[in-house]
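Engineer: Have a look at this one.
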Amino acid sequence: MASLYEEIVASLDELTGGPHEGLRAVHARGVLLGGAFTATPEARRLSRAAQFAGEPVRVTARLSNGSGNPHLPDADRLDGRGLAVKMHLDGDAAYDTVTVSIPLFFVNTPEGFLEFTRARKIDPETGQPDPARLGEFLAAHPETGAALPTILPALGPPRSYATLAYNSLHAFALVGESGERTWVRLTWRPEAGVELLAEDEIEAAAVDYLQTEIAERIEAGPIRFELVATLAGEEDPLDDPTLPWPDEREKVTLGTLELTDLLPPEKAGDVYVFDPMNLVDGVEPSEDRILAARPHAYSVSIERRLAAGG
């Protein structure tokens, strides 16, 4: 009998016309970049984690489309985008951030996510999801209907991967030297500012324009993002990624990511895994069930990729 996580990956494959051999079940198309992260003094005051000590930390980053369909055009209007960053620490230690261009998630349990993917299954006769099935899902998951008005305006093809803000969705505790915890949500804020394509540019955009543009941009100079922590208020939910925190919450800049090099694509048997639960001393997870489920689904996906030699 398939596990919940195997069912999730299989449902994602079905949704995107997969499985696509050797590729991720989501974020199939992307580009690898190298660079460094340098923390601010404010980061060190909030967390004892090694990546916030202040010295530059080598990073491997991946900018990507959200879909598991590698043939989906970069200019798809409903696709989210992602920025995953692995900070390489002493020895084999690493700290990962996995962030996306939407501000909230669609559901708050892994079981709900499986139902969500199944509700979006394409009807072969219409080429669209079945409205009745979607309606049934929304009736059973009011959290999704409440989150969509915040999620949908954030979608749309960007000018560049470098002109989007990317959000952690989940809450994490930054743990200081004395053990004090500060609950935060993280955002990579682009130095270039947030900019989407104009409506009249979308249809004319090349299928892989984001991949081409980011290669040209990094050749011209470094791409920078600030890591910004939004500090939770006393009443803010820590375990539900469908619920927003008020805009007026205090924000602290934790450091700067500077991407300087375009890296070769991943090769068979030598692939990167970016996992938001890959944490180090000084950063702790919340009890968010979606966050806890992600490593299990990633394990299913990575095993499949390695078995396929990709």
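Engineer: Leaving out ligands and nucleic acids, note down the accessible area per residue over segment 1-147 with a 1.4 angstrom probe, in whole Å².
Structural biologist: Working: 6570 Å² over 147 residues.
Accessible area per residue: 45 Å².
Engineer: So how far apart, in nm, are the two label points at E250 and E226 if each is 7 Å from Cα heading toward Cβ?
Structural biologist: That separation, rounded to one decimal, is 1.7 nm.
Engineer: How big is the charge dipole of segment 8-53 about its Cα centre, in debye rounded to the nearest 20, if each Lys and Arg gets +1 on its Cβ and each Asp and Glu gets -1 on its Cβ?
Structural biologist: Once rounded to the nearest 20, the dipole reads 420 debye.
Engineer: Rounded to a whole number, what % of the accessible area of the chain do carbon and sulfur atoms account for, probe 1.4 Å?
Structural biologist: 53
Engineer: Give me the accessible area of D247, 1.4 Å probe, in Å² rounded to the nearest 10.
Structural biologist: It works out to around 130 Å².
Engineer: Heavy-atom accessible area per residue, segment 212-266, 1.4 Å probe: how many Å²?
Structural biologist: It amounts to 54 Å² per residue over segment 212-266.
Engineer: Counting only protein chains, not ligands or nucleic acids, how are D239, D79 ordered by accessible area (probe 1.4 Å), most first?
Structural biologist: Correct descending sequence by accessible area is D239, D79.
Engineer: Just to check I understand the Karplus step: with θ = phi - 60° and J = 6.51 cos²θ - 1.76 cosθ + 1.60, what whole-Hz values come out for segment 36-49, glycine and proline as x?
Structural biologist: Karplus-based 3J(HN,Hα) across segment 36-49 equals 8, 10, 10, 7, 8, x, 4, 4, 5, 5, 8, 9, 8, 4 Hz.
Engineer: Continuing with this model, one more query. Could you check the spin-label model distance between E180 and S299? Points 7 Å from the Cα along Cα→Cβ, value in nm.
Structural biologist: Going from the E180 label point to the S299 one covers 3.7 nm.
Engineer: Here's something else I'd like to know. Using the Cα gyration tensor of segment 102-181, with a ≥ b ≥ c the square roots of its eigenvalues, what is the shape: rounded (a/c below 1.5), prolate (a/b larger than b/c) or oblate (neither)?
Structural biologist: Oblate is the answer for segment 102-181, as a/c is 1.5 or above yet b/c matches or exceeds a/b.
Engineer: Pop the C-beta distance of L263 and D123 into the FRET formula with R0 = 51 Å and round what comes out to the nearest 0.05.
Structural biologist: For R0 = 51 Å, the calculated efficiency reads 0.80.
Engineer: While we're looking at this one, here's another question. Assign unit charges at the C-beta atoms only (+1 for Lys and Arg, -1 for Asp and Glu), then state the dipole size of segment 186-310 relative to its Cα centre in Debye, rounded to the nearest 20.
Structural biologist: It works out to roughly 600 debye.
Engineer: Let me make sure I get this right: for the chain, a, b and c are the square roots of the gyration tensor eigenvalues over alpha carbons, sorted descending. Under 1.5 in a/c it's rounded, otherwise prolate if a/b > b/c, else oblate. Which is it?
Structural biologist: Because its axes are fairly even, with a/c under 1.5, the chain counts as rounded.
Engineer: Then there is this: Let's test the formula: R0 of 22 Å, r as the Cβ-Cβ distance of A192 and L155. What FRET efficiency results, to the nearest 0.05?
Structural biologist: Working: r = 19 Å, r/R0 = 0.87.
Approximately 0.70, to the nearest 0.05.
Engineer: Set the Förster distance to 30 Å, then compute FRET efficiency between V271 and L78 from the Cβ-Cβ distance, nearest 0.05.
Structural biologist: Working: r = 27 Å, r/R0 = 0.90.
Approximately 0.65, to the nearest 0.05.
Engineer: Among all the aspartates and glutamates, which ones have a C-alpha under 17 Å from K267's C-alpha, if same-chain residues fewer than 8 places away are not counted?
Structural biologist: Answer for K267, where 17 Å is the Cα cut-off: E21, E303, listed by chain and number.
Engineer: Let me ask another. Rounded to the nearest 500 deg cm²/dmol, what is the calculated helix-only ellipticity per residue at 222 nm for the chain, with -39500 (n - 2.57) per DSSP H run of length n ≥ 4? Don't jump to the answer; show the numbers that get you there.
Structural biologist: Values: 8 runs with 83 residues, N = 310.
Computed ellipticity for the chain at 222 nm equals -8000 deg cm²/dmol.
Engineer: Which distance in nm do the two modelled labels at L4 and H71 give, with both placed 7 Å along the Cα-to-Cβ direction?
Structural biologist: For the pair L4/H71, the computed spacing is 3.3 nm.
Engineer: How much length is gained on full extension from L243 to E42, taking 0.36 nm per residue of separation minus their Cα-Cα distance?
Structural biologist: 69.7 nm
The values are calculated or read from the model by the stated rules, or taken from the named source; none is laboratory data. The structure presented is a predicted model; accordingly, all values stated were derived computationally and were not measured. Here the Cβ is made from the backbone with ideal geometry for all residues, glycine too, and neighbour counts use every protein chain on show. To get the accessible areas, we keep the full protein, side chains included, count just its heavy atoms, and leave off ligands, DNA and RNA. Shrake-Rupley method; radii C 1.70, N 1.55, O 1.52, S 1.80 Å.
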